[in-house]
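None of the figures in this text is laboratory data; all of them are computed from the coordinates on show. Here the structure is a predicted model, which means the values were calculated and not measured. We place every Cβ from the backbone using ideal geometry, glycine too, and count neighbours over all the protein chains shown.
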């Protein structure tokens, strides 16, 4: 994983210490998300306005997963809170479709290809890891070359609604297995409701075998 954050100032070659701190925070956030990106940060707020801030204000980056574009950063000096403007230009390698695909298709390595370029005008939720893409199911028709994002993919169902499943309850000194019918679709490690043959409805987590692990309190 490589994450580089580069900094500049819109009007002066002198790097403002505030810009360095913001760039460092972006670097940390990008590292935590596992994205292989390069970010260029430009401070847009005029220097004469920045001069009125205290020496080391508290900084809060905005919420959200936008990697590029204009953003507002909250800075606080004591009880006084202000917002300054920055621009982030970002480059990275992300995944796009290599051919037209139909809704419900399960993605394989042949369906995707990497593309590197600016991230500024691309949709949010871009996917940078093959692990997040291969094996997933697309939720709508897609054309060749479209970026793959979180909102167009879902994990493959491990259990589908109506399927017969085993519900397993394990506790200290006991293990109970009961058969029932799935009331929902669920992915591996997802939560699934089950109507047991007795008529009782329970809920638990789906394991790698498609069994439903029930908490004993149920």
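Cβ crowding within 10 Å, taken as a proxy for footprinting-reagent exposure, orders 97, 60 from fewest neighbours to most as 60, 97.
In the chain, the DSSP-assigned H stretches of four residues or longer account for a calculated mean residue ellipticity at 222 nm of -3000 deg cm²/dmol, using -39500 (n - 2.57) per stretch and the full residue count as denominator.
Taking other C-beta atoms within 10 Å as the exposure proxy, 19, 149, 108 rank 108, 149, 19 from fewest upward. Here each label is just a point 7 Å from Cα along the line to Cβ, and for residue 160 and residue 137 those points are 0.8 nm apart.
Simple spin-label estimate for residue 207 and residue 51 gives 6.8 nm between the two label positions (7 Å along the Cα-to-Cβ direction from each Cα). If eta is 1.002 mPa s and T is 20 °C, what Stokes-Einstein diffusion coefficient results for segment 92-154, Kirkwood Rh from Cα pairs, in µm²/s? The calculation lands on 188 µm²/s.
Compactness of the chain, taken as the C-alpha radius of gyration over 2.2 N^0.38 Å, stands at 1.42. Taking other Cβ atoms within 10 Å as a rough exposure proxy, 53, 127 sort from fewest to most as 53, 127. Compared with the dominant Cα axis of the chain, that is its longest principal axis, helix 17-33 is turned about 20°.
Approximating the spin labels as points 7 Å out from Cα along Cα→Cβ, the residue 21-to-residue 103 distance works out to 4.9 nm.
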